Every structure is written in structure tokens, then in C-alpha cells.
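The values are calculated or read from the model by the stated rules, or taken from the named source; none is laboratory data. Everything numeric here is computed off the predicted structure, so don't read it as measured data. Methodologically, a virtual Cβ is constructed for each residue, glycine included, from the backbone with ideal geometry; neighbour enumeration extends over all protein chains shown.
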């Protein structure tokens, strides 16, 4: 492991156990080797390949139980690790009302259960109908490397997964009893870049 000079990790949203195990492993390696740790949001990984098209980009992934994780991105905010409208959890039925016009919609959920709803909106949105998996490790590496090159690192002690579902939030709160609350566990809609 002596040749590893930084650790890049996806922060979620995603599966509760996968996020906790993945981030715990990344934190352990970074701390033990005293190397930088950089976290990148899952939806930013989905959106990054498309933000150069001069349109706002909605990235959507399935959250189960007729819900989606969604995030709004554009070229200005994704290159700085920022999110225009935060990550949010919405229902399938809420999706058409948040999209707006002249936007590009990407992510694994585009070809999933909301595909028919999106097809009804194609007169004012653009869809990327890529087959899963749509998140690439190379995109995670590129976004994290941009932050590393700018000298932006995350603190391995305080970095947390991005939880948006109420049961994930509750489980994380139980695990953090007695620990200081943080922005990532404070509500439904967050901006992970504001840390």
C-alpha cells in the first residue's frame, strides 16, 4: 500500500450498509497511511459526463419504494464540487414537477421505473438512456482528482455518507449517539459541498 497517495470514495446517496462499509474502509486506509481522503457524491458521478452540454443536468437514481434520489447540476457548480439545488429524495410522481424545461436527465433511474413518465416529457427535456451501470469509477476518479489538485481534502474523522431516506437517517443517528450532529444527517435536502 506504500504506492497509494490518496483515497477517493463515493459518498452516496445509496444503500445504507454499502455506504457505511465503503466509507469506513476508505477512512481507515486514509488514516492509517496518512494520505488525503476525497469523497464525491453519487449523483455528481452520474451528472459529470453531461454537464458540458450547456444545459442544467438532473441526475436521478432509484431509492426504492417508488422514490428517487435527485440532484441538479451545471458546469459551474460540478467543477467546484458544488450542487445547484442539493440532493433530494422525491417520489416518482414528483419527478415531472421538479424537472423544468430544457434540462438533461441522466442516471440509472432514467431507464428504470420512471422511464414512461420521462417519455411523456420529451418535448421539453432531454434524456440519456444509458444502460446500467451508469456510474463509472473513472468519473469518480476524475472529480476527486480535480479536488485533490486544488488542495481540497475531506477530514477522515468527520466525513459522513450522504443519507436521504428517513430509515437511513434514523440508523445513522442511532450509530452516532453522543457524537456531534453534522450537516449530512440533518434533513431531507442537503448540499454536500457546503461542508
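Condition check: farther than 21 Å from residue 131 by Cβ, touching a residue at least 12 places away in the same chain (Cβ under 8 Å) and in a helix (DSSP H, G or I). Does residue 26 satisfy that? Before you say what the answer is, go through the steps one by one.
Values: farther than 21 Å from residue 131 by Cβ: yes; touching a residue at least 12 places away in the same chain (Cβ under 8 Å): yes; in a helix (DSSP H, G or I): yes.
Here the answer is yes, as residue 26 does meet what is asked.
For the subset of the range 130-149 comprising residues that are touching a strand residue (DSSP E or B) at 6+ places or on another chain (Cβ under 8 Å) and in a loop (DSSP other than H, G, I, E, B), which member is farthest from residue 72 (Cα to Cα)?
Only one residue tops the list, namely 130.
Just name the residue that is surrounded by the most Cβ atoms within 10 Å (Cβ to Cβ) out of those in the range 29-60 that are in a strand (DSSP E or B) and in contact with a helix residue (DSSP H, G or I) (Cβ under 8 Å, 6 or more places away or on another chain).
59
When the residues of the range 116-129 are filtered to those that are in a helix (DSSP H, G or I) and free of Cβ contacts under 8 Å to residues at least 12 places away in the same chain, which remaining residue is nearest to residue 74 (Cα to Cα)?
Here is the first cut: in the range 116-129, the residues in a helix (DSSP H, G or I) are 116-119.
Those still in the list that are free of Cβ contacts under 8 Å to residues at least 12 places away in the same chain too: 116, 119.
Numbers: 116: 25, 119: 22 Å.
So the residue we want is 119.
Search the range 3-23 for residues being over 16 Å from the mean Cα position of the chain (by Cα) and touching a residue at least 24 places away in the same chain (Cβ under 8 Å), and hand back the single one that is nearest to residue 70 (Cα to Cα).
Only one residue fits best here, namely 7.
Within the range 131-150, take every residue that is under 11 Å from residue 106 (Cα atoms) and at pLDDT 90 or above and give me the one that is nearest to the chain's Cα centre (by Cα).
135
Here is a list of conditions, (1) modelled with pLDDT under 90; (2) in a strand (DSSP E or B), and residue 83 meets all of them except one; can you say which number that is?
All conditions pass for residue 83, except number (2).
Please determine, by comparing only the residues of the range 100-113 that are touching a strand residue (DSSP E or B) at 6+ places or on another chain (Cβ under 6 Å) and assigned to a helix (DSSP H, G or I), which one is surrounded by the fewest Cβ atoms within 10 Å (Cβ to Cβ).
108
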